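Peer 1: Below is a structure I'd like to ask you about.
The values are calculated or read from the model by the stated rules, or taken from the named source; none is laboratory data. Here the structure is a predicted model, which means the values were calculated and not measured. Cβ placement follows ideal geometry from the backbone for every residue including glycine, while neighbour counts extend to all protein chains displayed.
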Amino acid sequence: MASHEVTFPITDPNEILKLRAGDEVTVQGHIIGIRDRTQIRIFDQGVEPPMDLTGAFLLHTAPGVRKLGTDSEGRGKYEKVCIGTTTSARMVRFTEPLGEQYAVRAICGKGGFPDEAIEPMQRLGMVYFAIVGGAAALETTQIEEIEEVMWEELMPECLWKFRVKDFGPLIVGIDAHGGSLYHDVQARAQEKLKELYARL
Amino acid sequence: MSTEVTTDLAGAVEDAAAHLYVWALKDIPQDLRDALAAARDRETSTTGKRVLEIIHKNVSIADEQKNLVCQDTGIAVYTCRVGEHFPLHPARIYASLKAGTARATVEHPLRSNAVHTITRENTGPNIGYRLPIVHWDFIPDWDGLDVKCVPKGSGSENMSFLKMCVPADGVKGIKQFVLESIVGAGGKPCPPGIVGVGIGGSADYAMYLAKEAIARPVGTRNQDPIVAQLEDELYGLLNETGIGPMGLGGDVTVLQCHIEHADTHMTLNPVAVNYQCWAARRASAHIAADGTIDFDREF
């Protein structure tokens, strides 16, 4: 189990290819917060996202924030209150179009993606990072600033741009080589269930 | 006969609710802290241990910074035990719980999660039509009120399951359904948490009982020894599945299995599963008939 540090957005695809399921990763740079309604707007309602997602790290989140005011262009400025991560599995169907149409390279959430994410992540060179769900007090300390908020009307399911420092540690849940911890754990558990049922 | 209420009891219940909601979100109960510490000590997988260490670090940071343990402020669920002589009608208690929930959400501020179930538009500061949710219990020969607040996050609530087993499925059917539900849930409900199981009653009541079960102090046992034995057995079986902390594999899949039961129809055998994440937030208060609030009472 190796440890890595990766800065996002990435420009070199090898930054993703070097990661293997089970590795530990700390992230620097900028990450983008996204959630159910944000992705429904992009893909089901066909609205182009007003942020560049090339090489991006997406975080499944709907942060708790405090509004500080509005800038000269009418956009809200927010400070963090409590920022944590939501369950990814609800949003698995957006994985392929995020990678194919927008060149997103990393998706981070909690609880994992089902097996349907493995093939597109391998083909498109993407990775899924597992964060510890519920550990929002810690996560909040690693977010230095909320730099940009788009689609405020979807509050709190907006597009959020965060600057982070030492974000993590994250565990590589699904890598770009077809490896998935979730697949492996589930396969072992299904075998174990047969044994447990026989004992009941 | 009219009763003169000299104290603002409605205000006291509102104050209690406002305090309980935020308190529950920030300061997890000692029984849960102990269960998480024991989990960290016995976990042998590297990744699982790492996850449990991060959980501990997170709880410490929430304590130090007075921040929320988890960002999901949930749906506010209250359990009320109302004494028959408590001098405020449950209709007014409900209104006060709602006002307190809204006040806490606005004043802190807390993330507001409440939406209309079809339009998905926000309905207010964690309140809406039939929100918050209240479980009621009425106690004879008593003039007090106990209020417990359980903010219920969606990650774990989405992992709720119901099966109308038939009598021929027996207790074996109940065990199988709980096992397959928790394995199927994998990492999604933020394991290791509390598995609440409701058995008997009717379909809706089994689920209600499952929610009651997750709200109990961690590791308490059902008063019926037959049910308590099933709690112990399921706890052991669930921790053999290898799902592990956050579903990444390991020894500790659940902190506890709590079961609540009701007698049922001779041809019914309902089993409901309600999951509570590791951040099993819970806070309680006792409100006396004179409006005095005691925040130390646990139930």
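Peer 1: Can you find a residue that is out of contact with any helix residue (DSSP H, G or I) (no Cβ under 9 Å at 6 or more places or on another chain) and small (G, A, S) anywhere in segment B:74-88? Before you say what the answer is, go through the steps one by one.
Peer 2: Initially, segment B:74-88 is screened for residues out of contact with any helix residue (DSSP H, G or I) (no Cβ under 9 Å at 6 or more places or on another chain), giving B:81, B:83-85.
So of that shortlist, the ones also small (G, A, S) come out as B:83.
Yes.
Peer 1: If you don't mind, there's one more thing I want to ask. Does segment B:107-128 contain at least one residue that is under 21 Å from the mean Cα position of the chain (by Cα), surrounded by fewer than 18 Cβ atoms within 10 Å (Cβ to Cβ) and in a loop (DSSP other than H, G, I, E, B)? I'd like the intermediate steps shown before the answer.
Peer 2: Step one: list which residues in segment B:107-128 are under 21 Å from the mean Cα position of the chain (by Cα), which gives B:110-115, B:125-128.
Add one more test, that the residue is surrounded by fewer than 18 Cβ atoms within 10 Å (Cβ to Cβ), and what stays is B:115.
If we keep only those that are in a loop (DSSP other than H, G, I, E, B) too, we end up with none.
The answer is no; no qualifying residue exists.
Peer 1: Find the residue count for segment A:105-130, including only residues that are hydrophobic (A, V, I, L, M, F, W, C), in contact with a helix residue (DSSP H, G or I) (Cβ under 6 Å, 6 or more places away or on another chain) and either at the interface with chain B (Cβ under 8 Å from one of its Cβ atoms) or more than 22 Å from B:V51 (Cβ to Cβ) (or both).
Peer 2: Filtering segment A:105-130 down to residues hydrophobic (A, V, I, L, M, F, W, C) leaves A:106-108, A:113, A:117-118, A:121, A:124, A:126-127, A:129-130.
Within this subset, residues satisfying the condition of being in contact with a helix residue (DSSP H, G or I) (Cβ under 6 Å, 6 or more places away or on another chain) are A:113, A:117, A:124, A:126-127.
Still in the list and also either at the interface with chain B (Cβ under 8 Å from one of its Cβ atoms) or more than 22 Å from B:V51 (Cβ to Cβ) (or both): A:124, A:126.
So the answer is 2.
Peer 1: Given (1) within 14 Å of another protein chain (Cβ to nearest Cβ); (2) closer than 30 Å to A:S180 by Cα; (3) touching a Leu at 6+ places or on another chain (Cβ under 9 Å), identify the lone condition not met by B:G236.
Peer 2: If we test B:G236 against (1) within 14 Å of another protein chain (Cβ to nearest Cβ); (2) closer than 30 Å to A:S180 by Cα; (3) touching a Leu at 6+ places or on another chain (Cβ under 9 Å), just (3) comes out false.
Peer 1: Between B:G128, B:G155, B:G144, B:G184, which is small (G, A, S), within 12 Å of another protein chain (Cβ to nearest Cβ) and more than 20 Å from A:C82 (Cα to Cα)?
Peer 2: Result of the check over B:G128, B:G155, B:G144, B:G184: B:G184.
Peer 1: Could you tell me which of the residues B:K163, B:K175 is among the basic types (K, R), closer than 19 Å to A:L200 by Cβ and assigned to a strand (DSSP E or B)? Full working, then the answer.
Peer 2: Details: B:K175 fails: assigned to a strand (DSSP E or B).
Only one candidate qualifies: B:K163.
Peer 1: Give the number of residues within segment A:149-169 that are surrounded by 15 or more Cβ atoms within 10 Å (Cβ to Cβ), at negative phi and either within 10 Å of chain B (Cβ to nearest Cβ) or assigned to a helix (DSSP H, G or I) (or both).
Peer 2: 6
Peer 1: Run B:G155 past the list (1) closer than 29 Å to B:V197 by Cβ; (2) not in a helix (DSSP H, G or I) and report the number of the one that doesn't hold.
Peer 2: Of the numbered conditions (1) closer than 29 Å to B:V197 by Cβ; (2) not in a helix (DSSP H, G or I), the odd one out for B:G155 is (2).
Peer 1: Suppose we filter segment A:149-200 for residues that are of a type in the set (S, T, Y), under 25 Å from A:G134 (Cα atoms) and over 17 Å from the mean Cα position of the chain (by Cα); how many remain?
Peer 2: Here is the first cut: in segment A:149-200, the ones of a type in the set (S, T, Y) are A:180, A:182, A:197.
Pick out the ones that are also under 25 Å from A:G134 (Cα atoms) and you get A:180, A:182.
Imposing the further condition that a residue be over 17 Å from the mean Cα position of the chain (by Cα) reduces the set to none.
The number of residues fulfilling the criteria is 0.
Peer 1: May I pose another question? Just checking, how many residues over segment A:40-85 are polar (S, T, N, Q) and surrounded by fewer than 23 Cβ atoms within 10 Å (Cβ to Cβ)?
Peer 2: In the first step, residues of segment A:40-85 are kept if they are polar (S, T, N, Q); the result is A:45, A:54, A:61, A:70, A:72, A:85.
This time we only want the ones that are surrounded by fewer than 23 Cβ atoms within 10 Å (Cβ to Cβ), so: A:45, A:54, A:70, A:72.
Matching residues across segment A:40-85 total 4.
Peer 1: Let me ask something additional. Looking only at residues in segment B:161-181 that are among the charged types (D, E, K, R) and more than 9 Å from every other protein chain (Cβ to nearest Cβ), which one is surrounded by the fewest Cβ atoms within 10 Å (Cβ to Cβ)? Reasoning before the result, please.
Peer 2: Step one: list which residues in segment B:161-181 are among the charged types (D, E, K, R), which gives B:163, B:169, B:172, B:175, B:180.
When the remaining residues are screened for being more than 9 Å from every other protein chain (Cβ to nearest Cβ), the result is B:163, B:169.
On the way: B:K163: 20, B:D169: 16.
Per the criteria, the residue is B:D169.
Peer 1: Another question, then. Condition check: at the interface with chain B (Cβ under 8 Å from one of its Cβ atoms), in contact (Cβ under 8 Å) with a residue 12 or more places away in the chain and outside any strand (DSSP E or B). Does A:G133 satisfy that?
Peer 2: Values: at the interface with chain B (Cβ under 8 Å from one of its Cβ atoms): yes; in contact (Cβ under 8 Å) with a residue 12 or more places away in the chain: yes; outside any strand (DSSP E or B): yes.
Here the answer is yes, as A:G133 does meet what is asked.
Peer 1: Across segment B:132-152, what is the number of residues that are part of a strand (DSSP E or B) and either more than 13 Å from the chain's Cα centre (by Cα) or touching a residue at least 60 places away in the same chain (Cβ under 8 Å) (or both)? Outline the logic, then answer.
Peer 2: Of the residues in segment B:132-152, the ones part of a strand (DSSP E or B) are B:133-139, B:145-152.
Of the ones still in play, those that are also either more than 13 Å from the chain's Cα centre (by Cα) or touching a residue at least 60 places away in the same chain (Cβ under 8 Å) (or both) are B:135-139, B:145-152.
Residues that pass the stated criteria total 13.
Peer 1: Condition (residue is closer than 26 Å to B:L110 by Cα, acidic (D, E), free of Cβ contacts under 8 Å to residues at least 24 places away in the same chain and not assigned by TED's automatic domain parsing to the domain that holds B:A288) applied to segment B:47-59: is it met by at least one residue?
Peer 2: Looking for residues that are closer than 26 Å to B:L110 by Cα, acidic (D, E), free of Cβ contacts under 8 Å to residues at least 24 places away in the same chain and not assigned by TED's automatic domain parsing to the domain that holds B:A288, one finds none in segment B:47-59, hence no.
Peer 1: Now for a different question. What pairs come up if the first residue lies in segment A:56-74 and is facing another protein chain (nearest Cβ under 9 Å), the second is of a type in the set (D, E) and surrounded by 11 or more Cβ atoms within 10 Å (Cβ to Cβ), and their beta carbons are under 8 Å apart, counting only those six or more places apart or on different chains?
Peer 2: The qualifying pairs are A:A62/A:E157.
Peer 1: Select the strands (runs of 3 or more DSSP E) contained entirely in segment B:235-299, then report the ones holding at least 3 residues which are among the polar types (S, T, N, Q) and in contact (Cβ under 8 Å) with a residue 60 or more places away in the chain. Explain how you work it out, then say what you get.
Peer 2: Values: elements: B:254-262, B:269-276, B:283-287.
Answer list for segment B:235-299: B:269-276.
Peer 1: Now, a different point. Tell me whether segment A:88-104 contains one or more residues that are touching a residue at least 60 places away in the same chain (Cβ under 8 Å), under 12 Å from the mean Cα position of the chain (by Cα) and within 14 Å of another protein chain (Cβ to nearest Cβ). Steps first, answer last, please.
Peer 2: Of segment A:88-104, the ones touching a residue at least 60 places away in the same chain (Cβ under 8 Å) are none.
No, segment A:88-104 has no match at all.
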